[in-house]
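What follows is a set of notes on a single structure, which appears directly below.
Each reported figure results from applying straightforward, stated rules to the coordinates on display, with no laboratory input. As the structure is a prediction and not an experimental result, all values here were calculated from the model. With ideal geometry, Cβ positions are generated from the backbone for all residues, glycine too; neighbour counts draw on all protein chains shown.
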Amino acid sequence: MQNTKISQPAFEPCCLATTIGSMPHTDVAHGTALMFENTPEIASWVQFPKRDLYENMMMQFTEGMPALVQDGDRTYFSTSISDFPEQFTLFYERYMAAIEDENSDALEKFRLSPQYAAGFSEFIARLPKQMSLGKTLMLKGQVTGPFTLGTNLLDQNGRCSYYDDHLRDVIVKTIVLKALWQVARLSEFGLPVMIFLDEPSLLGFGKQTFLTISREDVIKDINEVAAAIHSQGGLPGIHCEENTDWSLLMETDLDILDFDAYDHLQGITLYPAELSAFFDRGGCLGWGIVPTLDREAAATETIPSLIDRFEEGVHHLVSKGFDRDLLLRRALITPSCGAGGVLSVPLAERVLDLLRGLSIALRERYSFV
């Protein structure tokens, strides 16, 4: 497999909506049906972290990793297990077979199984009927990003695996394989595919806890995943929280930057030169404008109030020299974060209603329909 980007026109979602991933539901069929109902154009499989421990974002993409030990609800690397060398050798053999030989059987070793991702299986099962309605334009998957997974998965001594070059490489390559498996599976339906890296822990990059991790390493790891997605025609994006260092992400090869536009718009506007370069190479912004981290906001915001907030954000960027029409064409509308964390089921469903209504209202407002 060549790590080259397949040339394609810039992605312009024109205020279509998609979800970040998680829902608080435990009924997989119901949660998936709600997703299709509210984001039919850019449909995303749903993560159900409250259904099972395996759907926690720190575990969900670990199937196939070598030297992992599960002790109750704790999962960690153990480099001291007796067959550590053999497990690592087998992992890299499978990786090389999947990447260089494009061996589908090897890639299948890194599938998302129903135990770890019940929402993916449900998504695939429902897609043919959903696509027969003629509304679906793109499919979305997601993986936990390398920085977040590497700084949360520990070794047997309680040390972040990201600080171990061998373990870090295994994490990055596992994420590559999980992303490629999703692109391969979703591409069977003949629609464009986007894959988001979920990187909430990047909020801590540059702070005292992670001072020894270099900017270059973070960019290199993200670009390794992005290159793999590009090589198969997919669009790589990223979702981060609060005041992440967006200038770092604007230097990567990602196509979509999804940010918290509800509470932390300022963060994305601090780097106008870098953002301009990002747009110039075809990038687009995911506006996380529908609140999910504040229960009161999720319960009280309305479509008109969210339109006003979105307009304020666009106006702020226009005041920094960005073209209004370009901003609107390159705008993807999302929740501010996954809905499976602090929200109740009724509030999460209200968020989906707001997301759908806001996208429709904005597309009508800007004559995209």
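Dividing the helix sum by the residues of the chain, where each DSSP H run of 4 or more adds -39500 (n - 2.57), gives a mean residue ellipticity at 222 nm of -13500 deg cm²/dmol.
Which one of CYS240, LEU358, HIS25 has its Cα pushed farthest toward the positive end of the charge dipole of the chain, where Lys and Arg give +1 and Asp and Glu give -1 at the Cβ? Looking along the dipole axis, the top candidate is LEU358. For the chain, the C-alpha radius of gyration divided by 2.2 N^0.38 Å, with N the number of residues, is 0.95. Looking at the chain, the DSSP beta bridges with both ends there are about 15 percent antiparallel. Dipole magnitude for the chain: about 740 debye, using +1 per Lys or Arg Cβ and -1 per Asp or Glu Cβ, origin at the Cα centre. For GLY286, the residues 5 or more places off, or on other chains, whose built amide H falls under 5 Å of its own are LEU257, ASP258, PHE259, LEU332. As a ratio to 2.2 N^0.38 Å, the alpha-carbon radius of gyration computed for the range 116-189 takes the value 1.46. Rg/Rh for the range 21-97 stands at 1.14; both radii use Cα atoms, and Rh follows the Kirkwood definition. So if I take the centroid of the Cα atoms in the range 55-95 and the same for the range 285-344, what is the distance between those two points in Å? Taking the Cα centre of the range 285-344 as reference, the centre of the range 55-95 is 38 Å away.
Can you say what percent of the DSSP beta bridges in the range 136-293, counting only those with both residues inside, are antiparallel? Round to 5. Counting only bridges with both partners in the range 136-293, antiparallel ones make up about 5 percent. Which of the residue pairs LYS109/LYS129; LYS109/LYS173; LYS50/LYS135; LYS50/LYS109; LYS109/LYS135 have a Cα-Cα distance greater than 21 Å in the structure shown? From the list (LYS109/LYS129; LYS109/LYS173; LYS50/LYS135; LYS50/LYS109; LYS109/LYS135), the Cα-Cα distance tops 21 Å for LYS109/LYS129; LYS50/LYS135; LYS50/LYS109; LYS109/LYS135.
The alpha carbon convex hull volume per residue for the range 162-315 rounds to 141 Å³. Taking label positions 7 Å along the Cα-Cβ direction at both ASP164 and THR269, the computed distance is 4.5 nm, reported to one decimal.
The SER132 and GLU364 beta-carbon pair, evaluated with R₀ = 30 Å, returns a calculated FRET efficiency of approximately 0.70.
Couplings for the range 93-101, taken from phi via the Karplus curve 6.51 cos²θ - 1.76 cosθ + 1.60 with θ = phi - 60°, read 4, 5, 4, 5, 5, 6, 7, 7, 8 Hz in order; Gly and Pro are left as x.
When all alpha-carbon pairs of the range 244-314 are counted, what percent fall beyond 18 Å? Taking all Cα-Cα pairs of the range 244-314, the fraction more than 18 Å apart is 41 percent.
Taking the 0 to 90 degree range and rounding to the nearest ten, how far is the long axis of helix 118-131 tilted relative to the main principal axis of the chain, both from C-alpha atoms? Once rounded, one gets 50 degrees.
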